[in-house]
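Heads up, the thing below is written out as structure tokens.
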Amino acid sequence: MSVTYRISTDFEAIVKAYEKAGGKPEVFRSPRIASLVVSGNKVLLVNEIPGIRLESEELPSGVRARVKVEPGVRLEYPVHLCFGLLPKEGEQEIYSQFEIGEGAWVAFVTHCTFPNAVNVRHVMDAEVRVSKGALMHYRESHYHGEHGGTVVLPQAKVIVEEEGRYFSEFVLTSGRVGKLELNYVVDVGPKGVAELVAKAYGYGEDSIIIKETIRLNGERARGLTKARIAVRGKARSEVHGITEGNAPFTRGHLDCIEIVRDEAIANAIPIVLVRDPTAHVTHEAAIGTVDKKGLETLMARGLSEEEAVDIIIKGMLGG
């Protein structure tokens with residue numbers, strides 16, 4: 001086990017922002033929990049535990065990180081990753097590689113926080129390999145403050161090998177979105193599983209583009225894309241879900257629900273492509289306003305319309 005700290009005001013500030021965004025700062029002080037903390041292009045904390053390597057390299061405008069989980073390792077606690085930028089303006093680029101060894105089981109909890117952003121650009125470019133029989137859970141949540149000045153460009157290329165399982169959840173439901181363009185592509189091998197979930201809540205003039213692609217390339221591979229999006233004010237959203245059934249007995253499903261209020265606009269563009277007659281891929285999408293009966297019930301209990309709408313939307317995003 002190795003622990004590297006940079007005791008600095010930056011570390012305390014980014015952890016404070018992490019806590020404000022819903023994180024638990026005590027995880028960074030536990031010798032049993034692997035963690036990595038990055039502020040701007042500075043690596044402030046690296047905490048390794050047996051079975052996992054966390055390598056990092058500082059770049060002019062960000063960090064390159066390599067995460068390797070040894071074969072057969074099953075980590076008891078999630079690995080915590082924290083990326084952020086505290087100034088009002090700036091750029092952060094994170095280039096990451098995840099290698100999950102054969103038969104390993106691991107979960108990641110990632111917080112990206114930009115609490116003061118007025119003009120901030122954040123790039124998250126990841127390459128992921130989930131080896132044969134391995135399991136990887138990855139949850140990434142964002143907090144962008146209230147100015148709407150953040151541009152976030154998360155993209156990932158994921159390979160899931162035979163009987164591997166990959167579950168990803170992206171959440172941006174607190175603070176202003178700003179501009180979000182998410183692009184994930186997953187290739188799934190025989191009997192592998194991939195699930196991609198995206199949740200976002202935009203208002204003002206926020207822009208949300210979600211593009212999730214699952215290619216079921218191995219026999220009996222399975223995949224699910226699930227989007228839960230709400231837009232209000234003059235916000236815009238586009239959800240592109242693409243699933244390909246390229247091998248025998250593959251199964252895929254696309255599931256998209258978007259709520260629209262005020263002058264906002266939402267699009268859903270599902271694409272289903274099947275190259276084998278025994279493959280089966282389905283999709284469903286629903287776009288509309290909040291449920292009228294639920295709205296009336298909450299207002300009858302004393303809530304204003306705005307408060308009632310907010311509760312209904314957050315209930316949908318939390319499910």
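Roughly speaking, what is the centre-to-centre gap between segment 109-151 and segment 285-314 when only Cα atoms are used, to the nearest Å? One Cα centre to the other: 29 Å.
Using a simple charge model, +1 on the beta-carbon of Lys and Arg, -1 on the beta-carbon of Asp and Glu, nothing else, what dipole does the chain show about its Cα centre, in debye to the nearest 20? It would help to have the intermediate numbers written out before the result.
Values: 39 positive and 44 negative charges, 76 e Å.
Dipole size: approximately 360 debye.
Taking the alpha carbon gyration tensor of segment 222-319, what are the square roots of 5 times its eigenvalues, largest first, to the nearest whole Å? Before the final figure, lay out the partial values.
Values: eigenvalues 235, 38, 14 Å².
Working from the Cα gyration tensor, I get semi-axes of 34, 14, 8 Å.
Going by accessible area, probe 1.4 Å, with all protein chains left in place, what is the ranking of Met316, Met136, Met299, largest first?
Details: Met316 30, Met136 0, Met299 80 Å².
If we order Met316, Met136, Met299 from most to least accessible, we get Met299, Met316, Met136.
With a 1.4 Å probe rolled over the protein heavy atoms of all chains, the accessible area of Arg74, Arg66, Arg228 falls in the order Arg74, Arg66, Arg228, largest first.
With an 8 Å Cα cut-off and a minimum separation of 6 or more residues, compute the relative contact order for the chain in percent. Each step should come with its number before you reach the end.
On the way: 989 pairs, mean separation 29.7, N = 319.
Worked out over the chain, it gives 9 percent.
Mind jotting down the distance between the C-alpha centroids of segment 162-214 and segment 259-280, whole Å? Segment 259-280 and segment 162-214 have Cα centres spaced 14 Å from each other. Please give every one of the lysines within straight-line cross-link reach of Lys16, meaning a C-alpha to C-alpha distance under 30 Å, and leave out same-chain neighbours fewer than 8 residues apart. Candidates past the 8-residue exclusion: Lys24, Lys42, Lys68, Lys88, Lys179, Lys199, Lys314.
When a/c is below 1.5 the answer is rounded, else prolate if a/b is larger than b/c, else oblate, so apply that to segment 161-256 with a ≥ b ≥ c taken from the square roots of the Cα gyration tensor eigenvalues.
Prolate, because a/c is 1.5 or more and a/b exceeds b/c.
For segment 69-224, the percent of C-alpha pairs falling in each 10 Å distance bin, counted from 0 to the bin holding the largest distance, reads 12, 39, 31, 15, 3.
Normalising by the residue count of segment 101-202, find the relative contact order in percent from Cα pairs under 8 Å and 6+ residues apart. Don't skip to the end; give the middle numbers.
Numbers: 287 pairs, mean separation 28.9, N = 102.
Normalised by residue count, the contact order of segment 101-202 is 28 percent.
Just the protein heavy atoms count here, and of the accessible area of the chain at 1.4 Å, carbon and sulfur take up 49 percent. Probing with 1.4 Å while keeping every protein chain in the model, the per residue accessible area of the chain equals 44 Å².
When only the Cβ of Lys, Arg, Asp and Glu is charged (+1, +1, -1, -1), the dipole of segment 72-217 relative to its Cα centre reaches about 160 debye.
State the Kirkwood hydrodynamic radius of the chain in Å, one decimal place, computed from all pairs of distinct Cα atoms. Before the final figure, lay out the partial values.
Details: mean 1/r = 0.0492 Å⁻¹.
Answer for the chain: a Kirkwood hydrodynamic radius of 20.3 Å.
The values are calculated or read from the model by the stated rules, or taken from the named source; none is laboratory data. Quick caveat, the model's predicted, so the values are computed rather than measured. Heads up, the Cβs are rebuilt from the backbone with ideal geometry, glycines too, and the neighbour counts pull from every protein chain shown. SASA here: full protein model, heavy atoms, side chains in, ligands and nucleic acids out. Shrake-Rupley method; radii C 1.70, N 1.55, O 1.52, S 1.80 Å.
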